[in-house]
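Peer 1: Okay, handing you the structure first.
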Amino acid sequence: MKILGRAEKEVLCFQHLQYHHNLSSRAAKKIVLALLSYTPTITHLFHNNDLVTQSKCAVRKVKSKCPLLARHMYGLSAQHQVPNIPCDRADQHIFLFHHLTYFHKLNAKAATKIIRALILNKDPSEILFHYNDIIVVSNHQIQRTKKFTDNQQRLDHFNYSNQFENFSSKVN
């Protein structure tokens with residue numbers, strides 16, 4: 001078993017704060033330095049207007065409670081046809097991107113918009129979606145995507161077969 005040195009522990013702590021807690025590099029560095037200097041436990045490292053979290057993060061890895069507690073959140077309306085609102089899983093910490101795309105059938109762009117709003121602590125009454133935005137993946141879109149994929153696979157197979165036929169006719 002390898003024993004980690006102090007510098008390696010600092011780096012691991014720094015990376016942990018950035019990856020698992022989505023902290024900016026400046027905020028993570030402040031915390032690591034406070035830990036190293038044995039700063040008293042009741043110390044204010046940050047002010048209210050400090051940007052502590054990263055504005056960009058891997059939205060697919062964010063775990064949180066579902067924010068869709070009511071139809072009007074983030075400008076959502078009945079016209080958007082988002083299923084399962086209010087969400088019955090709003091009390092569980094879940095991988096939010098997966099939940100929003102599968103349980104609520106949101107497209108990836110809409111799910112990302114909601115997750116970014118959560119990360120930036122935007123007010124849920126702020127309008128992210130307008131009444132005519134298409135944010136739900138319909139069954140028609142899913143079938144069309146599947147049909148395209150099937151046709152593409154047939155075409156690829158055809159081209160692959162033709163390459164051998166063309167090659168064998170050139171050799172003879």
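The values are calculated or read from the model by the stated rules, or taken from the named source; none is laboratory data. Keep in mind it's a predicted model, so treat the numbers as computed, not measured. Cβ: placed from backbone, ideal geometry, glycine included. Neighbour counts: every protein chain shown.
Peer 1: Within the set of pairs 6+ apart or on separate chains, which have a first residue in segment 69-88 that is in the same structural domain as V137 (by TED's automatic domain parsing), a second that is part of a helix (DSSP H, G or I) and surrounded by 13 or more Cβ atoms within 10 Å (Cβ to Cβ), and C-beta atoms under 7 Å apart?
Peer 2: Y74/I114; Y74/A117
Peer 1: Consider T53 carefully, then state whether it is within 25 Å of the chain's Cα centre (by Cα), of a type in the set (V, I, T) and modelled with pLDDT under 80. Write out each step before concluding.
Peer 2: Numbers: within 25 Å of the chain's Cα centre (by Cα): yes; of a type in the set (V, I, T): yes; modelled with pLDDT under 80: yes.
So T53 fits the description; yes.
Peer 1: Let me ask something else about it. Find the residue count for segment 68-104, including only residues that are in a loop (DSSP other than H, G, I, E, B) and touching a Ser or Thr at 6+ places or on another chain (Cβ under 8 Å).
Peer 2: Step one: filter segment 68-104 for residues in a loop (DSSP other than H, G, I, E, B), giving 68-72, 76-77, 81-93, 103-104.
Applying the additional criterion that residues be touching a Ser or Thr at 6+ places or on another chain (Cβ under 8 Å) yields 71-72, 93.
Summing the residues that are in a loop (DSSP other than H, G, I, E, B) and touching a Ser or Thr at 6+ places or on another chain (Cβ under 8 Å) in segment 68-104 gives 3.
Peer 1: Related question: I'd like to check something: does segment 59-67 contain any residue that is touching a residue at least 24 places away in the same chain (Cβ under 8 Å), touching a Pro at 6+ places or on another chain (Cβ under 8 Å) and hydroxyl-bearing (S, T, Y)? Even if it seems obvious, please write down each step before you answer.
Peer 2: First pass over segment 59-67, keeping only residues touching a residue at least 24 places away in the same chain (Cβ under 8 Å): 59-67.
Cutting the leftovers down to touching a Pro at 6+ places or on another chain (Cβ under 8 Å) gives us 67.
With the extra rule that they be hydroxyl-bearing (S, T, Y), the set shrinks to none.
No; the residues of segment 59-67 include none that is touching a residue at least 24 places away in the same chain (Cβ under 8 Å), touching a Pro at 6+ places or on another chain (Cβ under 8 Å) and hydroxyl-bearing (S, T, Y).
Peer 1: Another one. With the requirement that a residue be in a loop (DSSP other than H, G, I, E, B) and without any contact (Cβ under 8 Å) to a residue 24 or more places away in the chain, what does segment 105-121 give you?
Peer 2: Here is the first cut: in segment 105-121, the ones in a loop (DSSP other than H, G, I, E, B) are 105, 107, 120-121.
Scanning segment 105-121 gives a single hit, N121.
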